[in-house]
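Student: I have a structure here, written as structure tokens, and I will follow up with some questions on it.
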Amino acid sequence: MKIHEYQATELFRAGGLPVVQGRVATEVYEAVMIAEETGYPVVLKSQVLVGGRGKAGGIRLVKNKEELEDHFAQLKKLTIKEYPVEKILVVKAIDIKKEYYVSVTVDPAKGDVVLIASSDGGVEIEETAKTNPDAIKKYYLNGKKDIDEGSWKPFIQSVFDTPELQAEGTKVFGALLKVFFDNDCSLAEINPLVIDGQGKIYAADAKINFDDNALMRHENLESLRDLRYEDPDELEAKEKNLSFVKLSGNVGCIVNGAGLAMATMDIVKLSGGQPANFLDVGGSSNPEKVLNALKIILRNKDVNAILINIFGGITRCDDIANGIIEAMGQLELNVPLVVRLTGTNEKEAKEILAKHDITTFSTMREAVDRVVALSKK
Amino acid sequence: MSVLIDEKTKVLVQGITGRDGSFHAKQMKEYGTQVVAGVTPGKGGQDVEGIPVFNSVAEAKDATGAEAAIIYVPAKFAKGAMLEDIKADIPFIICITEGVPVLDMVEVKTALKGKNIRLVGPNCPGVISPGKSKMGIMPGHIHKPGPIGVVSRSGTLTYEVVYNLTLNGIGQTTCVGLGGDPIIGTRFIDVLEMFMADDDTKGIVMVGEIGGEDEQLAAEYIKKNVTKPVVGFIAGRTAPPGKRMGHAGAIISGGDSTAEAKREILKDAGVAVVDVPDEIPAIFKEKLKL
């Protein structure tokens with residue numbers, strides 16, 4: 001789960017990180033009040049959950065109230081990659097002398113948490129990674145949750161060149177690690193971390209992604225979710241314990257298991273059809289899941305044929321069959337349904353469906369060929 | 001032969017009194033797996049399907065000589081279950097549980113360091129050595145003993161592959177489901193190495209998907225070390241970038257993590273990469289003269 005910069009900034013502030021003075025504003029009068037507290041010049045930063053906002057003109061430096069009012073109004077009309085700007089972070093402008101990149105993330109291959117820092121530029125970090133990979137320094141935590149004094153010195157010295165900055169940097173990195181672990185983040189990033197004319201260090205940006213699997217133990221974080229960035233069908237699917245991603249085609253797919261669901265979409269495409277969605281009903285599916293899945297898929301008016309592809313393991317085919325019958329009783333199913341069932345309780349399932357004149361297939365290829373043909377009629 | 005488990009492996013089931021745990025303990029036992037113990041804290045002394053239940057892994061191990069553990073507990077208890085196995089020095093652990101937090105897995109990986117313990121999963125279907133033993137949730141009847149080793153990041157997609165092999169009379173030595181999470185205990189390379197060392201395994205199927213770089217690492221390994229024929233399938237060619245496709249690890253985050261990139265890298269390593277799982281049997285029939 002991603003959150004906005006202003007929300008991440010508040011988590012950083014609570015964690016003792018040196019964030020820049022300022023707050024988020026929705027209306028221009030709020031922005032003026034904040035600017036009067038911090039003093040001009042201030043930076044107006046559009047809050048969107050997509051990259052490239054700087055290039056899209058979403059960040060403005062303003063020197064006085066008139067400029068603020070003018071640019072604030074412009075930003076409020078701005079749409080960045082289809083997302084309208086609703087909130088704007090107003091922060092005191094900093095006289096930047098040097099920029100750094102800092103982040104904490106998980107290295108899946110090593111199964112360890114890694115702190116990444118670079119003194120070479122901040123914002124252009126992806127470019128630095130390509131052109132000058134040696135400038136990117138990594139510190140692995142070796143399963144610990146904090147800095148280890150013994151191995152820390154060479155790392156911090158490779159990032160900052162003066163003892164003062166090294167001491168300040170150690171505090172910042174320590175605080176960032178704490179925020180990372182306390183909130184089960186998958187990424188906590190400051191880009192850029194800056195040094196101003198007086199040699200003071202600031203987190204001039206804040207980015208946090210949370211581990212979706214860990215949200216169950218952080219109920220307070222759910223309120224940070226910006227629903228405007230979530231597809232309503234995907235959200236509803238999640239509530240119903242289904243995994244759903246919408247695509248642009250017309251063949252609706254209901255599958256058990258993520259791998260098989262992806263493979264089903266791939267083979268629909270290879271066979272000349274266009275998959276309308278990814279949908280995994282998950283393991284141990286009860287009949288109700290099929291009903292919920294069909295409801296979500298039928299809302300997509302592009303869908304003109306539906307493929308149900310089930311390989312029973314933990315999922316019982318007869319549960320799926322009962323779900324299909326129940327759904328047909330409750331929903332107005334005006335598109336053809338193609339069903340493939342194999343595995344646990346396949347025979348019982350086929351008997352249930354045969355009673356309702358639903359033809360079933362045993363192989364994926366036969367079922368895909370059939371549904372693709374129907375989708376072209 | 002088979003890898004990881006066989007008819008002699010003594011298995012304990014964590015979470016045996018739960019819905020999934022009891023159902024699959026029974027299924028495993030019926031398949032022929034030596035399920036010697038169950039563990040649920042506070043429920044010691046009971047029995048499930050004739051399997052004695054203990055309060056702790058250490059107790060179960062002492063009483064029964066269990067040498068492998070399979071975990072069916074909810075996600076928030078999965079870390080504790082794995083750490084308990086590691087503490088009790090259970091040499092082989094399978095974690096079926098889906099939804100384990102990533103930082104919990106960092107703790108588990110740290111606890112595994114320096115120990116001679118193998119973990120498979122989490123978020124995986126388990127391991128089966130057809131005709132000998134099943135530790136997992138896969139439907140046993142679609143498998144049959146034979147010469148092919150199967151290793152996969154997926155569950156039901158693995159069943160699809162196995163089903164196609166079996167339908168064509170081609171059996172399997174062992175099928176290993178690695179799991180769909182970013183941090184997992186066992187990776188492609190570990191299992192490829194086991195299949196290379198197992199004389200009965202004559203050919204290998206590798207089922208990958210979008211996200212991460214394990215298939216790329218496997219390709220490098222295959223190029224250097226694998227002399228047996230490998231057939232590959234990669235799921236997610238139609239997956240849009242940046243979207244998590246069910247599995248926590250299945251997300252395209254850069255050029256190398258797309259299905260097409262992985263397919264090309266595997267082809268370059270000499271792997272026969274197929275478009276549809278039902279194309280796999282014919283390749284083995286030709287290469288292994290089956």
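Student: Among the listed residues B:ASP62, B:ASP89, identify the single one that is charged (D, E, K, R), more than 13 Å from chain A (Cβ to nearest Cβ) and free of Cβ contacts under 8 Å to residues at least 24 places away in the same chain. Show your work before the answer.
Tutor: On the way: B:ASP89 fails: free of Cβ contacts under 8 Å to residues at least 24 places away in the same chain.
Sole residue among the options that is charged (D, E, K, R), more than 13 Å from chain A (Cβ to nearest Cβ) and free of Cβ contacts under 8 Å to residues at least 24 places away in the same chain: B:ASP62.
Student: I've got another one for you. Among the residues of region B:144-166 satisfying the criterion of being in contact with a Ser or Thr (Cβ under 8 Å, 6 or more places away or on another chain) and part of a strand (DSSP E or B), which is surrounded by the fewest Cβ atoms within 10 Å (Cβ to Cβ)?
Tutor: B:PRO145
Student: So, one more: Of the conditions (1) surrounded by fewer than 18 Cβ atoms within 10 Å (Cβ to Cβ); (2) at pLDDT below 95; (3) aromatic (Phe, Trp, Tyr), A:TYR40 fails just one. Which one is it?
Tutor: (2)
Student: Within region B:167-197, take every residue that is closer than 22 Å to A:THR342 by Cβ and at the interface with chain A (Cβ under 10 Å from one of its Cβ atoms) and give me the one that is most open to solvent (accessible area, probe 1.4 Å).
Tutor: Step one: list which residues in region B:167-197 are closer than 22 Å to A:THR342 by Cβ, which gives B:167-172, B:174-177, B:180.
Now drop any that are not at the interface with chain A (Cβ under 10 Å from one of its Cβ atoms), which leaves B:167, B:177, B:180.
Working: B:LEU167: 108, B:GLY177: 2, B:GLY180: 0 Å².
Only one residue fits best here, namely B:LEU167.
Student: Is it the case that A:LEU61 is surrounded by fewer than 17 Cβ atoms within 10 Å (Cβ to Cβ) and more than 25 Å from the chain's Cα centre (by Cα)? I'd like the intermediate steps shown before the answer.
Tutor: Working: surrounded by fewer than 17 Cβ atoms within 10 Å (Cβ to Cβ): yes; more than 25 Å from the chain's Cα centre (by Cα): yes.
So A:LEU61 fits the description; yes.
Student: What pairs can you find where one residue is in region A:96-110 and more than 14 Å from chain B (Cβ to nearest Cβ), the other is open to solvent by 20 Å² or more (accessible area, probe 1.4 Å) and assigned to a strand (DSSP E or B), and their Cβ atoms are less than 6 Å apart, with a gap of 6+ or different chains?
Tutor: Partner pairs satisfying both residue conditions: A:TYR101/A:ASN191; A:SER103/A:ILE116; A:SER103/A:GLU189.
Student: Quick test for you: out of A:GLU10, A:GLU67, A:GLU82, pick the one residue that is within 30 Å of A:MET216 (Cβ to Cβ) and free of Cβ contacts under 8 Å to residues at least 40 places away in the same chain.
Tutor: A:GLU10
Student: Of the numbered conditions (1) of a type outside the set (Lys, Arg); (2) open to solvent by less than 10 Å² (accessible area, probe 1.4 Å); (3) in contact with a Ser or Thr (Cβ under 7 Å, 6 or more places away or on another chain), B:ASP200 fails exactly one; give the number of that condition.
Tutor: (2)
Student: Right, next: Can you tell me which residues in region B:241-260 are open to solvent by less than 60 Å² (accessible area, probe 1.4 Å) and facing chain A (nearest Cβ under 7 Å)?
Tutor: Result: B:MET245, B:GLY246, B:HIS247, B:ALA248, B:ALA250.
Student: Here's a follow-up. Given the condition open to solvent by 80 Å² or more (accessible area, probe 1.4 Å) and under 13 Å from B:GLY246 (Cα atoms), answer yes or no: does some residue in region A:243-251 qualify?
Tutor: Checking region A:243-251: at least one residue is open to solvent by 80 Å² or more (accessible area, probe 1.4 Å) and under 13 Å from B:GLY246 (Cα atoms).
Student: Okay, moving on. I'd like to check something: does region B:33-49 contain any residue that is in contact (Cβ under 8 Å) with a residue 40 or more places away in the chain, over 26 Å from B:VAL102 (Cα atoms), open to solvent by less than 20 Å² (accessible area, probe 1.4 Å) and not in a loop (DSSP other than H, G, I, E, B)?
Tutor: No, the conditions are met nowhere in region B:33-49.
Student: Another one. Regarding B:GLY212, is this residue in contact with a Ser or Thr (Cβ under 7 Å, 6 or more places away or on another chain), open to solvent by 10 Å² or more (accessible area, probe 1.4 Å), within 13 Å of chain A (Cβ to nearest Cβ) and within 23 Å of B:GLU107 (Cα to Cα)?
Tutor: So B:GLY212 passes the test.
Student: Which residues, taken from region A:195-213, are in contact with a Phe, Trp or Tyr (Cβ under 7 Å, 6 or more places away or on another chain) and surrounded by fewer than 22 Cβ atoms within 10 Å (Cβ to Cβ)? Break it down stepwise before answering.
Tutor: First, pick out the residues of region A:195-213 that are in contact with a Phe, Trp or Tyr (Cβ under 7 Å, 6 or more places away or on another chain): A:196, A:203, A:206.
Listed by number, the list holds a single entry, A:ASP196.
Student: Would you be able to say whether some residue in region A:241-261 is in contact with a Lys or Arg (Cβ under 7 Å, 6 or more places away or on another chain) and charged (D, E, K, R)?
Tutor: no
Student: Output the residue which, of all residues in region A:225-271 that are among the acidic types (Asp, Glu) and out of contact with any Phe, Trp or Tyr (no Cβ under 9 Å at 6 or more places or on another chain), is nearest to the other protein chains (Cβ to nearest Cβ).
Tutor: So in region A:225-271, the residues among the acidic types (Asp, Glu) come out as A:226, A:230-231, A:233-234, A:236, A:239, A:266.
In the following step, the residues that additionally are out of contact with any Phe, Trp or Tyr (no Cβ under 9 Å at 6 or more places or on another chain) were identified as A:226, A:230, A:239, A:266.
On the way: A:ASP226: 16, A:GLU230: 12, A:GLU239: 15, A:ASP266: 4 Å.
Restricting to residues being among the acidic types (Asp, Glu) and out of contact with any Phe, Trp or Tyr (no Cβ under 9 Å at 6 or more places or on another chain), the top hit is A:ASP266.
Student: Moving on. Check A:GLU189, A:GLU236 and return the single one that is farther than 30 Å from B:THR238 by Cβ and either assigned to a strand (DSSP E or B) or open to solvent by 20 Å² or more (accessible area, probe 1.4 Å) (or both). Don't jump to the end; show me each part of the working.
Tutor: On the way: A:GLU236 fails: farther than 30 Å from B:THR238 by Cβ.
When all the criteria are applied, what remains is A:GLU189.
Student: While we're here: Identify the residue in region A:111-131 that is modelled with pLDDT under 80 and more than 23 Å from the chain's Cα centre (by Cα) and, among all such residues, is most open to solvent (accessible area, probe 1.4 Å).
Tutor: Initially, region A:111-131 is screened for residues modelled with pLDDT under 80, giving A:120-130.
Now narrow it down to the ones that are more than 23 Å from the chain's Cα centre (by Cα): A:120-121, A:128, A:130.
Details: A:ASP120: 64, A:GLY121: 33, A:THR128: 12, A:LYS130: 158 Å².
Among those that are modelled with pLDDT under 80 and more than 23 Å from the chain's Cα centre (by Cα), it is A:LYS130.
Student: Let me ask something additional. Select from region A:159-173 the residues that are open to solvent by less than 20 Å² (accessible area, probe 1.4 Å), of a type outside the set (A, V, I, L, M) and assigned to a helix (DSSP H, G or I) and write down the one among them that is nearest to B:ILE183 (Cα to Cα).
Tutor: Residues of region A:159-173 open to solvent by less than 20 Å² (accessible area, probe 1.4 Å): A:159-160, A:169, A:172-173.
Next, only the ones that are of a type outside the set (A, V, I, L, M) stay: A:160, A:169, A:173.
Subsequent filtering for residues that are assigned to a helix (DSSP H, G or I) retains A:169, A:173.
Values: A:GLY169: 29, A:PHE173: 24 Å.
It comes out as A:PHE173.
Student: Starting from region B:99-117, keep only residues that are more than 7 Å from chain A (Cβ to nearest Cβ) and without any contact (Cβ under 8 Å) to a residue 60 or more places away in the chain, then list their pairs with residues that are assigned to a loop (DSSP other than H, G, I, E, B) and not charged (D, E, K, R) whose Cβ atoms are within a distance under 6 Å, requiring at least 6 positions of separation or different chains.
Tutor: Correct list of pairs: B:ILE117/B:PRO91.
Student: Hey, another quick one. Among the numbered criteria (1) more than 17 Å from A:ASN209 (Cα to Cα); (2) touching a residue at least 12 places away in the same chain (Cβ under 8 Å); (3) open to solvent by 20 Å² or more (accessible area, probe 1.4 Å); (4) of a type outside the set (S, T, N, Q), which one does A:VAL20 miss?
Tutor: (3) is the only condition that A:VAL20 fails.
Student: Here is a follow-up. Within region A:302-322, track down each residue that is touching a residue at least 60 places away in the same chain (Cβ under 8 Å) and within 8 Å of another protein chain (Cβ to nearest Cβ).
Tutor: none
The values are calculated or read from the model by the stated rules, or taken from the named source; none is laboratory data. Bear in mind the structure is a predicted one, so any value in this text is a computation, not a measurement. Note: ideal-geometry Cβ built from the backbone for every residue, glycine included; neighbour counts use all protein chains shown. For accessibility, only protein heavy atoms count, side chains too; no ligands or nucleic acids. Shrake-Rupley method; radii C 1.70, N 1.55, O 1.52, S 1.80 Å.
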